[in-house]
């Protein structure tokens, strides 16, 4: 299988980490929907990454769908509980973290628009979402070692990718100072090769 995406996309990073933690071999094909002449739209009509192309050439898109697929095809190191409240807890964390990313990405992209086209109110709206969600993430984590349960799960991977992206693109949001429990979680995650080797570079 091959994963199509860019090195700076936090959604692609999430899937790269899942693949690494599950020890699944794949080929990384670098492409970006923002690059001129990109081939992303040929495999995803929405023009977004990541796209996972299976061995039979079937494409899967949206990081949530891809993560769930990968967790079911490889039974080792399960990242999503099979059912019940435990499963919902992990999926809720994923939804919250992905929502943080949606808002942070929107704020960053809007900030790059030319003068006269940029909307400060839209940027502020997205930043407010990000800041509110960080508070909830910190409250939900509390004093726990992991977002859910007693070991790494998709909840931690999703949260870690969101926190890493905020540091990467919205560095003025000082979440590590305001939420030391989130900072401790991210420091622990960064000790894992899957995280350390996928840090986005400007």
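At q = 0.15, 0.18 Å⁻¹ the log10 of I(q)/I(0) for the chain amounts to -0.95, -1.33, computed by Debye summation with a single uniform scatterer per C-alpha, solvent ignored.
The Kirkwood radius of the stretch 87-142, taken over pairs of alpha-carbon atoms, gives through the Stokes-Einstein law at 37 °C and 0.692 mPa s a diffusion coefficient of 271 µm² s⁻¹.
Normalised by residue number, the volume inside the convex hull of the Cα atoms of the stretch 2-73 is 81 Å³ per residue. What the Cβ-Cβ distance of residue 74 and residue 34 gives, at R0 = 45 Å and to the nearest 0.05, is a FRET efficiency of 0.90.
Beyond 18 Å, how much of the Cα-Cα pair distribution for the stretch 84-201 remains, as a whole percent? The calculated P(r) of the stretch 84-201 puts 51 percent of pairs beyond 18 Å. In the chain, the DSSP beta bridges split such that about 60 percent are antiparallel, to the nearest 5.
Out of every Cα-Cα pair in the stretch 157-202, what percent are more than 14 Å apart? In whole percent, the long-distance tail amounts to 46.
Build a GNM of the chain with springs between Cα atoms under 10 Å apart, and of 57, 94, 36 the one that fluctuates most is 36.
Taking the Cα centroid of the stretch 108-137 and of the stretch 44-58, what is the distance between the two, rounded to the nearest whole Å? Centre-to-centre (Cα) distance: 28 Å.
In what order do 40, 199, 49 fall by count of nearby beta-carbon atoms within 10 Å, going from fewest to most? Present the calculation step by step, with values, prior to reporting the outcome.
Numbers: 40 23, 199 12, 49 26.
Ascending number of Cβ neighbours within 10 Å: 199, 40, 49.
Got a sec? How would 161, 147 order by Cβ neighbour count within 10 Å, fewest to most?
Values: 161 29, 147 26.
Taking fewest neighbouring Cβ atoms as first place, the list is 147, 161.
Across all directions, the average projected area of the convex hull around the alpha carbons of the stretch 117-164 is 4.0 nm². Residues 112, 127, 135, 16, arranged from fewest to most other Cβ atoms within 10 angstrom of their Cβ, appear as 112, 135, 127, 16.
Only the coordinates and a few stated rules stand behind these numbers; no lab work does. Everything quoted here is computed from the prediction, not taken from an experiment. For neighbour counting, all protein chains shown are included, and Cβ atoms are generated from backbone atoms with ideal geometry for every residue, glycine included.
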